[in-house]
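The structure under discussion appears below in the form of structure tokens.
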Amino acid sequence: MRHFASIRAVGLAWPLLATLAQCATIARKMMPATLLGLDEGLEIIENMRARGESIHTPGLGEAHCPIHWMRFGEGPDCVLLHGGHGSWMHWLNLIPLLSGHYRLWIPDLPGFGASGDMLTPAETGFMAQALILALDHLGVSERSFTLGGFSFGGLVAGQMLAQGAPVQSLRLVGSAGMGMRPEKAIDMLLWQRARSPEDLLEAYRHNLKALMLHRDEDINALALAIHAESCRQTRWRSREASHQAGLRDIIRQARVPVHAVWGLQDPTMDPKRLTTWWDESISAKGETRQSLSLWDDCGHWIMHQSADKLASWFKEHA
């Protein structure tokens, strides 16, 4: 009897628990947009969103994951993949600079932003497959395209190339997947533990400084709004895959041009190890289609703080 009474008690309490959980979820989702004083940044995001077209591709293949895309501009196709704890907004500052030169296709990766979640295990190979099928559905794969990836998105872009996507050239921006992180740990705060809007905003600001942007002046209302909006919608945990070195072999074996850039102040990359590896594995083979650039006074999120320079880099290697 005691067992059934316990079940009955839990059953009676469940609606209340569910309601409290729902309220907590709603509060967490609303907090970045309504309580952090980031209206200026949010307005810039909404204005950019209005300039593009929002598209949803259906769940396809094993992953069966609906994917949200933003499309901007006209010209040759260029697909851009965002980083971990990100969304299409990671590329926001670059969009107006490239949309007159390319037709930009920028998804929220599966498990991020407004896209769905995959039915398959959370592996980058399945994510790459889902994106390839979505591009087939959109008709983009009928012609070759430029593929760019930032941070975690660079690793996924490499997987797409390895799986046979019709990539014309690969652009890696502060890419993960090289296994060359410095020994010094990055001091990040768990923003999920914040107990007030002020604490949450401080955690976002701290993490942007520690990981993404080394100059204080670049941690502005737009950067904070993008980070806040993207973090609250992230379900995929990308850290483990990002720390691995799977991208190296993909670059070595690539039969298309690969152009890569990192900031010298990027805390996710050891520039000495990277330069040594590139010289020995790429340059020593006389490969002229690949290039490595290291930019001073640049952190991890290059397209936010050096958008003009990065846009010129994209066009230079077109």
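The values are calculated or read from the model by the stated rules, or taken from the named source; none is laboratory data. Worth saying up front: this structure is predicted, and the values here are computed from it rather than measured. Heads up, the Cβs are rebuilt from the backbone with ideal geometry, glycines too, and the neighbour counts pull from every protein chain shown. These area figures cover heavy atoms from the full protein model, side chains too; ligands, DNA and RNA do not enter into them. Shrake-Rupley method; radii C 1.70, N 1.55, O 1.52, S 1.80 Å.
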Fill in the blank from the handout: Residue set I251, I219, I226; condition open to solvent by less than 10 Å² (accessible area, probe 1.4 Å), farther than 24 Å from V167 by Cβ and of a type in the set (V, I, T); output residue I226
Fill in the blank from the handout: Picking from L104, L135, the residue that is closer than 20 Å to M48 by Cβ and either open to solvent by less than 40 Å² (accessible area, probe 1.4 Å) or not in a loop (DSSP other than H, G, I, E, B) (or both) would be L104
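To keep it simple, each residue is scored yes or no on (1) touching a strand residue (DSSP E or B) at 6+ places or on another chain (Cβ under 9 Å); (2) under 22 Å from R181 (Cβ atoms); (3) hydrophobic (A, V, I, L, M, F, W, C).
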{"residue": "R273", "(1), (2), (3)": "no, yes, no"}
{"residue": "W278", "(1), (2), (3)": "yes, yes, yes"}
{"residue": "D297", "(1), (2), (3)": "yes, yes, no"}
{"residue": "W301", "(1), (2), (3)": "yes, yes, yes"}
{"residue": "Q305", "(1), (2), (3)": "yes, yes, no"}
{"residue": "S312", "(1), (2), (3)": "no, no, no"}
{"residue": "K315", "(1), (2), (3)": "no, no, no"}
Handout entry: Residues satisfying the stated conditions in region 229-245, i.e. assigned to a helix (DSSP H, G or I) and either buried (at least 18 other Cβ atoms within 10 Å of the Cβ) or in contact with an Asp or Glu (Cβ under 7 Å, 6 or more places away or on another chain) (or both)
Key = E229, S230, C231, A241, S242
Handout entry: Residues of region 78-101 classified as outside any helix (DSSP H, G or I), at negative phi and open to solvent by 10 Å² or more (accessible area, probe 1.4 Å), total
Key = 4
Practice task
Please go through region 279-304 and pick out each residue that is in contact with a Leu (Cβ under 6 Å, 6 or more places away or on another chain), crowded, with 20+ Cβ neighbours inside 10 Å and not in a loop (DSSP other than H, G, I, E, B).
Solution key: I302, M303
Fill in the blank from the handout: Conditions (1) modelled with pLDDT of 95 or more; (2) open to solvent by 30 Å² or more (accessible area, probe 1.4 Å) -> A260 fails only (2)
Practice task
Look through L147, L109 and report the one residue that is surrounded by 23 or more Cβ atoms within 10 Å (Cβ to Cβ) and outside any loop (DSSP other than H, G, I, E, B).
Solution key: L147
Exercise for the section: Scan region 56-71 for residues that are in contact with a strand residue (DSSP E or B) (Cβ under 6 Å, 6 or more places away or on another chain) and crowded, with 24+ Cβ neighbours inside 10 Å and jot them down. Expected result: I67, W69, M70
Exercise for the section: Give the residue, chosen from A63, A50, that is of a type in the set (G, A, S), in a loop (DSSP other than H, G, I, E, B) and modelled with pLDDT of 95 or more. Expected result: A63
Handout entry: Complete set of residues in region 152-205 that are open to solvent by 40 Å² or more (accessible area, probe 1.4 Å), closer than 21 Å to R289 by Cα, of a type outside the set (A, V, I, L, M) and not in a strand (DSSP E or B)
Key = Q159, Q163, G164, P166
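Each row is one residue, and each column tells you yes or no for (1) over 17 Å from M269 (Cβ atoms); (2) not small (G, A, S).
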residue	(1), (2)
L133	yes, yes
M160	yes, yes
P166	yes, yes
S169	yes, no
G174	no, no
M178	no, yes
Handout entry: Qualifying positions in region 112-130 - out of contact with any Pro (no Cβ under 7 Å at 6 or more places or on another chain) and in a helix (DSSP H, G or I)
Key = T124, G125, F126, A128, Q129
